[in-house]
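Report on the structure given below.
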Amino acid sequence: MSLDYRAFLPTGAGDPVVLPYFGGTRVDAPARRLQVAPVPDIELVPGWWAFRIEGRRARPIEPAAPVDLGDRPAVRGHWAGGWLFASGRECDRIALAPVEEPAPLARCTARRWHSGELLLETLDFEDDAEVEARRALEEERPIAGLRGVAPSLRAAFGFALAAAVGGRMDIPVSPREAAGRVHAIADGGRDAAVAMLEGLAAERRRHTAIANAERQRRAVVAVAATARPRGRVRAGDPAERADAALEAAGARMLSCRRSGPGLLEVRFVCAGERFVAVVDPGSLQVFDAGICLAGADREVTLDSLPSVIREAIDTDRLSITRR
């Protein structure tokens, strides 16, 4: 079934269009990105919405039913914790949570929206491999000897097991943090998951020790008032500048707020994962990157942080310290 673009494009002045909203200040139509215009008394939450297009701005009207996505590229794989594992290495977050969450390791098809986010389309037929892998997940045993396991199922299993064990150990873990070790966890079971999580927790403790030492050496207020970080002070509203910096870097700002004197807390999405950074509102230089950078947080700005995050993902060195 082909995609009916009339669902997106206005046929007359002021006609509404239906688009998915993923959070933040922008929404993507097939041919362009639009600024979301706030509307009093409307709480805009992620989901499908009818928008009225006014130039380069999209004004939300009301929630709407999803449109057909048949012409968007399909991505097939296995579900684990809100992510679709499409291969042994590739995974993406499902951008809008389904009404009913699929079973762990369910075989799924998603469609990639114009902005790159994945939208869940269907749950697909499973075979014995998914059934047996789900049973092994419940028992926290490895699947090394299980036949017919696709790379995407093996990766989804490894992350799902790490997340389950991490939940009991109070060590949260992201697919981006576990990506390079999910196959070892799938083959090693619970013991392999525990070893990975303990290493991740130790790295986070080292980061915390470095951050505490920095706070003891120089109070945040003193830093903001008398030792401004390096970097030019930028004109304009700090939230708008943070949004523009992340947009230019290929990330999406979700929200930001003043978190203390001379501090701006910015929440954003990069590579499907959510991050929280604390930056200087004037220069956007980073105080706390929200990931382990071995004390080098101040060497980056909000503009460059997304590329640092992507490098950490590509080299299996990502460790998230703020959530």
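The values are calculated or read from the model by the stated rules, or taken from the named source; none is laboratory data. Since we're looking at a predicted model, the values are computed, not measured. Counting neighbours? That spans all protein chains shown, and the Cβs are built from the backbone with ideal geometry, glycine included.
List the number of the failed condition for residue 288; all other conditions in (1) in contact with a helix residue (DSSP H, G or I) (Cβ under 7 Å, 6 or more places away or on another chain); (2) at pLDDT 95 or above hold.
Status for residue 288: all satisfied but (2).
Kindly provide the set of residues from segment 242-264 that are buried (at least 19 other Cβ atoms within 10 Å of the Cβ) and part of a strand (DSSP E or B), ordered by number.
Within segment 242-264, 252, 253, 254, 256, 264 qualify.
Tell me, which residue of segment 6-24 that is over 21 Å from the mean Cα position of the chain (by Cα) and at pLDDT 90 or above is surrounded by the most Cβ atoms within 10 Å (Cβ to Cβ)?
Looking at residues that are over 21 Å from the mean Cα position of the chain (by Cα) and at pLDDT 90 or above, I get 17.
Only one residue in 144, 110 is modelled with pLDDT of 95 or more and aliphatic (A, V, I, L, M), so which one is that?
None of the others qualify; the one that does is 110.
Give segment 116-134 a look and list any residue that's of a type in the set (Gly, Ala, Ser) and surrounded by 15 or more Cβ atoms within 10 Å (Cβ to Cβ), or say none.
Taking segment 116-134 first, the residues of a type in the set (Gly, Ala, Ser) are 116, 129, 133.
Answer for segment 116-134, where residues must be of a type in the set (Gly, Ala, Ser) and surrounded by 15 or more Cβ atoms within 10 Å (Cβ to Cβ): 129, 133.
Looking only at residues that are in contact (Cβ under 8 Å) with a residue 40 or more places away in the chain and not polar (S, T, N, Q) in segment 279-292, which one is farthest from residue 320 (Cα to Cα)?
Applying the filter and picking the extreme gives 282.
Go through segment 97-132 and count every residue that is within 20 Å of the chain's Cα centre (by Cα) and either assigned to a strand (DSSP E or B) or outside the structural domain of residue 155 (by TED's automatic domain parsing) (or both).
The number of residues fulfilling the criteria is 9.
Quick check on residue 82: is it within 18 Å of residue 271 (Cα to Cα) and at pLDDT below 95? Don't jump to the end; show me each part of the working.
Working: within 18 Å of residue 271 (Cα to Cα): yes; at pLDDT below 95: no.
No: the conditions fail for residue 82.
May I ask you to verify whether residue 27 is over 24 Å from the mean Cα position of the chain (by Cα), outside the structural domain of residue 183 (by TED's automatic domain parsing) and outside any loop (DSSP other than H, G, I, E, B)? Step through it out loud before you land on a result.
Numbers: over 24 Å from the mean Cα position of the chain (by Cα): no; outside the structural domain of residue 183 (by TED's automatic domain parsing): yes; outside any loop (DSSP other than H, G, I, E, B): yes.
So residue 27 fails the test.
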